[in-house]
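The values are calculated or read from the model by the stated rules, or taken from the named source; none is laboratory data. Because the structure is predicted, anything quoted here is derived from the model rather than measured. Here the Cβ is made from the backbone with ideal geometry for all residues, glycine too, and neighbour counts use every protein chain on show.
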Protein chains: 2
Amino acid sequence: MNIFVLEDDIAIGMGLSYSLENEGYSVTLAKSIKEAKEIVSKNKYSLYLLDLTLPDGSGYEICKTVKAQGELPVIFLTAFDNEINVVTGFELGADDYISKPFRVRELLARIKSVLRRYTNENADGKIVIDDMVVNTNEAKVTVKDEEIILTAMEYRLLLTFLNNRGKVLTRQKLLEEIWDVDGDFVNDNTLTVYIKRLRDKVEEDPNEPKLIQTVRGMGYILK
Amino acid sequence: MNIFVLEDDIAIGMGLSYSLENEGYSVTLAKSIKEAKEIVSKNKYSLYLLDLTLPDGSGYEICKTVKAQGELPVIFLTAFDNEINVVTGFELGADDYISKPFRVRELLARIKSVLRRYTNENADGKIVIDDMVVNTNEAKVTVKDEEIILTAMEYRLLLTFLNNRGKVLTRQKLLEEIWDVDGDFVNDNTLTVYIKRLRDKVEEDPNEPKLIQTVRGMGYILK
DNA sequence: ATATATTATTACAAAACTGTAATGGAATAT
DNA sequence: ATATTCCATTACAGTTTTGTAATAATATAT
């Protein structure tokens with residue numbers, strides 16, 4: 001999990017980096033809008049922590065850029081409990097905001113909460129998508145409350161989709177993730193076969209997949 | 001994840017229940033030491049939230065009872081930022097404390113943090129034990145940075161240990177968890193065989209297991 | 001409309017997994 | 001010391017998984 005932090009106050013920025021890294025996140029820090037724009041346009045992060053008031057502009061701008069890239073979680077750091085800021089923040093698509101001075105613990109809680117909202121994972125490590133429940137703590141999958149037995153490969157394929165929900169996954173990417181190959185050690189068709197096998201077990205009607213959909217010429221996408 | 005809450009103020013108690021259940025925990029509420037003692041002696045919970053000052057005694061007592069049952073996480077709710085309380089709390093084995101009035105978000109953060117400490121799970125869903133890293137988001141296991149290929153059954157067995165770290169798991173319990181049987185549908189020896197297979201893959205020296213240890217006459221225990 | 005590229009389906013051997021049985025070893029009890 | 005109980009090890013057959021090949025179906029391009 002990598003977090004992008006935009007914060008001009010060096011003390012706060014470093015403090016945040018420290019706390020976040022301590023929690024197991026990796027952190028990229030930017031100190032100005034200019035710098036942030038450059039970084040954000042080149043990379044994607046799991047979550048964006050954006051200060052609102054910076055010397056060379058507002059965090060709003062970065063939020064807009066980020067949200068244009070897709071469904072990505074954003075939290076604003078606001079200087080005051082300013083209602084107007086809050087409303088505008090949510091209108092711009094921020095998922096949460098926190099006003100300074102904040103307690104680090106609280107920020108961490110909000111980060112977790114927002115991330116969980118994005119992955120549909122609840123406190124038990126269960127991920128629910130429609131009628132499907134994936135319990136990663138027990139490696140058990142149910143569909144309509146019926147347990148589905150997945151093979152090791154099928155399960156890993158499913159997890160890859162869950163970890164990239166809403167994103168199109170190319171065949172290449174999937175092959176890399178599941179078979180750890182960068183080339184074509186495994187037949188390209190192997191993946192197609194596994195997709196079918198997974199669909200047969202997980203989809204209500206495998207002929208009209210609702211969960212794992214194919215994006216012709218691109219790859220596959222979960223829901 | 002089930003949380004035991006001891007709190008005599010009904011408003012706070014109900015509020016906590018609501019917030020915790022909203023986060024996906026299941027909650028058991030007690031309003032007095034007497035009630036708490038009865039419940040706690042009969043059940044085990046994933047975490048204990050104990051108010052310190054109650055009409056019929058102190059949450060300390062419950063903490064002692066709980067800690068006598070094993071390595072279980074406890075958080076105190078204290079009325080004031082009272083240093084003496086804090087020190088005594090930690091001496092009694094509390095893992096954290098939070099003073100009222102607290103923000104729910106902060107409490108949730110501390111709960112997550114404490115639970116994570118107990119399960120060794122970090123922000124990425126990775127669980128680290130010595131040289132072993134289990135990534136439940138990808139169903140990948142490494143030992144000394146080398147990927148280990150586990151079968152579906154072996155992986156589930158390992159997860160069962162991880163979810164019950166520090167507790168002795170009886171053969172019966174393990175059979176129930178992994179083979180979903182309450183009797184002896186599968187040979188009792190099957191488990192023994194799987195323990196060996198898992199050890200062979202995961203232990204540095206399978207002849208002297210450091211991770212999965214046998215407790216003669218009882219079962220097995222992780223570390 | 002036809003060709004081409006992309007994905008889906010089916011079938012099939014080789015390999016791996018799964019559960020059991022038989023045997024061996026180690027700890028505890030008698 | 002010996003018996004007994006509990007756990008470890010090994011070997012093995014039946015089953016499942018795994019990856020591939022061959023073929024069919026579908027969408028896009030010419």
Checklist entry - Would you pick out the residues in segment A:200-223 that are near DNA strand C (Cβ under 7 Å from one of its atoms) and of a type in the set (D, E, K, R)? => result A:Arg216
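With surrounded by 15 or more Cβ atoms within 10 Å (Cβ to Cβ), of a type in the set (Lys, Arg) and within 14 Å of DNA strand D (Cβ to nearest atom) as the only criterion, which of A:Arg110, A:Arg197 stands out? Talk me through it step by step, then tell me what you get.
Numbers: A:Arg110 fails: within 14 Å of DNA strand D (Cβ to nearest atom).
Exactly one residue qualifies, and that residue is A:Arg197.
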Next on the checklist: Here is a check on your reading of the model: is B:Asp205 in a loop (DSSP other than H, G, I, E, B), within 11 Å of DNA strand D (Cβ to nearest atom), more than 14 Å from chain A (Cβ to nearest Cβ) and over 17 Å from the mean Cα position of the chain (by Cα)?
Outcome noted: yes
Next on the checklist: Among the residues of segment A:65-123, what is the count of those that are of a type in the set (A, V, I, L, M, F, W, C), within 20 Å of the chain's Cα centre (by Cα) and modelled with pLDDT under 70?
Outcome noted: 4
Checklist entry - So, of the residues in segment A:154-193 that are among the aromatic types (Phe, Trp, Tyr) and buried (at least 19 other Cβ atoms within 10 Å of the Cβ), which turns out to be farthest from DNA strand C (Cβ to nearest atom)? => result A:Phe161
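What do you reckon, is A:Arg197 within 11 Å of DNA strand C (Cβ to nearest atom) and part of a helix (DSSP H, G or I)? If you could, list the steps in order and put the result at the bottom.
On the way: within 11 Å of DNA strand C (Cβ to nearest atom): yes; part of a helix (DSSP H, G or I): yes.
So A:Arg197 passes the test.
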Checklist entry - So A:Tyr220 fits all but one of (1) assigned to a helix (DSSP H, G or I); (2) away from DNA strand D (no atom under 13 Å from the Cβ); (3) touching a helix residue (DSSP H, G or I) at 6+ places or on another chain (Cβ under 7 Å); what number is the exception? => result (1)
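Hey, could you check segment A:129-153 for residues that are at the interface with chain B (Cβ under 9 Å from one of its Cβ atoms) and not hydroxyl-bearing (Ser, Thr, Tyr) and say which is nearest to DNA strand C (Cβ to nearest atom)?
Only one residue tops the list, namely A:Ala152.
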Next on the checklist: Residues that are within 16 Å of DNA strand D (Cβ to nearest atom) and without any contact (Cβ under 8 Å) to a residue 12 or more places away in the chain: list the strands (runs of 3 or more DSSP E) wholly contained in segment A:121-168 that include at least 1 such residues.
Outcome noted: A:140-143, A:146-148
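Please verify whether segment A:129-148 includes one or more residues that are of a type outside the set (Val, Ile, Thr), at positive phi and modelled with pLDDT under 75.
Among the residues of segment A:129-148, not one is of a type outside the set (Val, Ile, Thr), at positive phi and modelled with pLDDT under 75, which makes the answer no.
Out of the residues in segment B:169-179 that are away from every other protein chain (no Cβ under 11 Å) and either assigned to a strand (DSSP E or B) or of a type in the set (D, E, K, R) (or both), which is nearest to DNA strand D (Cβ to nearest atom)?
Across segment B:169-179, the extreme among qualifying residues is B:Arg171.
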